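Working notes for the structure below.
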Amino acid sequence: MLGFDNLRSQSVAPPQWTMRNVDDRNRVLLCILNICKDVLGRLPKVVGIDVVEMALWAKENTPTFTKQHTNLQDGPVSAAVEEREMKVTVERELVSQAEEEDMEALLGTYVMGIGEAEAFSERLKREVQALEAANVHAILENEPLIDEVLQGLEAATSCVEDMDEWLGIFNLKLRHMREDIESIESRNNKLEMQSVNNKALIEELDKLLERLRIPSEYAASLTGGSFDEARMLQNIEACEWLTNALRGLEAPNLDPSYANMRAVKEKRAELDKLKTTFVRRASEFLRNYFTSLVDFMTSDKSYFSQRGQLKRPDHADLRYKCRTYARLLQHLKSLDKNCLGSLRKAYCTSLNLLLRREAREFANELRASTKASRNPTVWLEGSVGSNQNVNSADTSTVSDAYAKMLTIFIPLLVDESSFFAHFMCFEVPALVPPGGLANGNKSAHDEDDANYDDLGIMDIDENDNKAGKNTGELEALNESLHDLLDGIQEDFYAVVDWAYKIDPLRCISMHGITERYISGQKADAAGFVRILLDDLESRISMQFSRFVDEACHQIERNERNVRQLGVLSYIPRFATLATRMEQYIQGQSRDLVDQAYAKFVTTMFLTLDKIAKADPKYEDIMLLENYAAFQNSLYDLANMVPTLAKFYHEASESYEQACTRHINVIIFYQFERLFQFVRRIEDLMYTIPPEEIPFQLGLSKMDLRKVVKSSLSGVDKFISAMYKRLQKNLTSEELLPSLWDKCKKEFLDKYESFAQLVAKIYPSENVPSVSEMRDLLASM
């Protein structure tokens with residue numbers, strides 16, 4: 001604008017445009033035309049400006065960066081499109097459609113060839129210069145229009161400046177507003193987050209308050225409610241709520257962040273106080289209840305055996321009443337495990353009185369109602385005649401009574417142990433295995449207790465069952481069972497002692513019965529019942545050992561008697577005793593009997609040896625007769641009893657040794673010179689050759705003839721004397737044939753040895769042949 005003002009104020013001729021000036025002029029003109037178009041909404045009427053020239057100039061001066069940029073990015077085709085669009089845009093901005101048609105008509109007037117470009121260019125330049133001069137002149141002539149344009153430009157500039165100022169103000173306000181909005185949004189987000197957190201906190205606190213709230217009905221039950229059967233359901237519900245409430249205030253059920261809250265600590269203290277109060281009240285009630293329950297039963301005589309009537313103990317009603325408080329005990333255990341000690345002690349003390357009373361009354365009536373004659377305990381005493389029939393009375397009712405005592409009370413004690421273990425919340429396996437009781441028999445009473453699980457004990461705390469065994473629990477259980485059942489063994493001992501007094505041999509059958517029950521007690525919690533049975537077995541074994549010792553003393557007392565001949569009295573009596581003992585054997589009592597056999601026989605043989613040595617002249621006779629009697633009396637039993645078979649063979653060997661010694665004595669007594677001569681020869685054969693023996697003093701041929709003449713002349717008389725001597729000292733005539741046969745065989749063997757020596761050392765001497773001697777012995 002300043003250029004045009006200077007141009008207007010100066011009265012100068014139109015400038016002569018150079019090539020550079022033309023470019024500047026065209027730029028200015030294009031700028032002016034564009035501004036006029038923007039302001040007026042149309043292009044002004046321009047005179048003296050060659051629009052074609054301006055179009056060509058605009059084409060030539062189109063920026064090349066667009067083309068280069070396009071070539072790099074989109075290739076030649078895109079560049080051509082951009083150039084065409086630029087051309088169209090320039091033409092549309094500079095000329096109208098009518099002007100464009102005029103330009104095409106003008107260009108059509110120039111008829112020139114290709115080679116006349118220079119001339120065409122010169123012509124165009126001249127025309128351009130003429131047109132420029134005309135345009136400048138036209139511009140000057142249009143000064144009002146230019147002033148109007150300039151005023152418009154100033155107004156536009158002012159508006160633009162005002163607008164820029166307003167935009168700056170608005171921009172500042174908008175920036176402040178944006179900051180305010182951001183601050184508001186930030187605060188709003190924080191408020192929303194705080195609101196959400198507060199809502200979650202309120203919900204969490206509501207839940208915590210709900211957990212901390214103690215329902216009034218539960219508080220009433222825990223602090224002052226009745227323990228009657230009708231109210232046990234409410235008490236159980238209160239216990240369950242209290243247990244869950246206490247667990248809810250412990251990790252991991254309670255968030256650690258709540259643990260130190262004052263409200264939580266106070267509520268935990270309040271719950272602990274409720275727990276302590278309830279446990280104390282419930283424990284006191286149960287202790288009194290157990291005592292009153294047993295006192296009621298003991299005061300009624302119909303529960304016990306009476307004269308003429310054996311009463312089987314029945315605890316079904318007792319267990320049914322206890323079942324009411326079974327779950328209460330479970331909850332007491334979960335609340336305070338230490339409180340169970342006093343409850344278990346109270347239960348054991350009360351029930352022990354009942355069990356001991358039942359066992360005592362039953363045992364007394366059992367002994368009174370059993371009819372059995374008492375047999376003497378003297379079996380092997382020497383003063384009793386050998387032909388006396390001792391201990392022949394039937395005493396089977398005694399062992400039957402003992403078996404009945406076990407049949408009634410052992411299952412009862414096992415049931416009581418099992419009930420106690422589960423009722424008092426011991427974590428142990430079941431006591432009674434499926435399929436029956438320890439002795440394998442199921443009675444009607446057992447069928448009454450078959451629905452034992454219906455008492456509600458086995459499934460009280462199914463969720464807390466443990467697969468593994470708890471050693472500590474078993475020890476505590478066995479201690480409690482000792483308190484529960486201690487003292488009842490005295491009544492079993494009384495029955496055992498009573499049976500022993502009637503017939504000591506009944507200890508054998510009682511031992512077998514006890515063994516059968518012991519083998520059935522496998523459960524861990526039946527410890528005291530096993531101890532009771534073991535004590536009974538020991539008691540029976542002790543009593544039987546007492547009988548065996550007494551019998552052995554009876555045997556040993558035979559040694560003190562005056563000189564005895566023949567078979568001792570205890571030999572046949574032992575066979576009778578062994579036969580009776582074998583009749584009483586049941587089950588596992590074989591070892592007990594075999595031990596008794598070993599002690600009996602050992603004592604018998606030792607006593608026999610002592611009695612025989614008291615008179616050496618008749619020692620072998622005494623031994624062989626008694627050993628023979630021992631074998632004869634035990635022949636049948638030895639074939640059935642291995643222990644007796646062993647002693648039978650021992651007696652047989654001793655018998656053969658005694659026979660050999662006795663027979664040799666008799667043979668040497670009649671043929672002493674003959675066999676002494678043989679012995680001298682046998683002794684010398686170890687030191688000198690056989691051919692030199694006849695030249696020894698006392699062993700010449702003449703000496704041989706004298707010995708043969710004195711010993712074998714009338715040999716039949718000597719053999720007869722030997723038979724008479726053998727027969728003279730025997731008291732058991734049935735042994736004589738076998739002994740005489742042994743004697744003849746022994747004599748014949750010795751004579752055969754004598755004949756062989758004579759033939760070897762004195763070949764020229766003649767003696768009676770062995771065959772002659774054998775015929776002679778056979779004929780006698």
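The values are calculated or read from the model by the stated rules, or taken from the named source; none is laboratory data. Nothing here was measured: the structure is a model prediction, and the numbers come from that model. Cβ atoms come from the backbone with ideal geometry, glycine included; neighbour counts cover every protein chain shown. All accessible areas refer to the heavy atoms of the entire protein, side chains included, with ligands and DNA or RNA removed. Shrake-Rupley method; radii C 1.70, N 1.55, O 1.52, S 1.80 Å.
Surface composition of the stretch 198-331: carbon plus sulfur atoms hold 50% of the accessible area, using a 1.4 angstrom probe and ignoring ligands, DNA and RNA. Dipole magnitude for the stretch 479-551: computed about the Cα centre from +1 point charges on Lys and Arg Cβ and -1 point charges on Asp and Glu Cβ, it is near 340 debye.
Mind checking the alpha-carbon convex hull of the stretch 700-780 and giving the volume per residue in Å³?
88 Å³
Need the full-extension length gain, Leu172 to Asp535, defined as separation in residues times 0.36 nm minus the C-alpha distance. One decimal, nm. Once the chain is fully extended between Leu172 and Asp535, it gains 119.8 nm. Taking every lysine pair in the stretch 152-286 that is 8 or more places apart or spans two chains, those with Cα atoms closer than 23 Å amount to 9. Residue pairs exceeding 22 angstrom between C-alpha atoms, taken from Lys613/Lys728; Lys701/Lys760; Lys617/Lys646; Lys301/Lys321: Lys617/Lys646.
Rg ratio for the stretch 572-634: its Cα radius of gyration over 2.2 N^0.38 Å, N being its residue count, equals 1.33. Taking the average, over residues, of other Cβ atoms within 10 Å as the packing measure, peptides 420-426, 215-221 rank 420-426, 215-221 from highest down.
Rolling a 1.4 Å probe over the protein heavy atoms leaves Trp241 with an accessible area of roughly 50 Å². Sorting the segments 366-372, 346-352 by their mean number of nearby beta carbons within 10 angstrom, highest to lowest, gives 346-352, 366-372. Remark: the stretch 224-353 carries 53 Å² of accessible area per residue (probe radius 1.4 Å; ligands, DNA and RNA excluded).
Count Lys and Arg as plus one, Asp and Glu as minus one, and take only other residues whose Cβ is under 14 Å from that of Ala117; the net charge is then -1. Judged by the mean number of other Cβ atoms found within 10 Å, the most tightly packed of the peptides 167-174, 567-574 leads the ranking 567-574, 167-174. Here the stretch 736-751 and the stretch 655-690 have alpha carbon centers that stand 14 Å from each other.
Net charge dipole, the stretch 178-228: roughly 100 debye, given to the nearest 20, about the Cα centre with Cβ charges of +1 for Lys and Arg and -1 for Asp and Glu.
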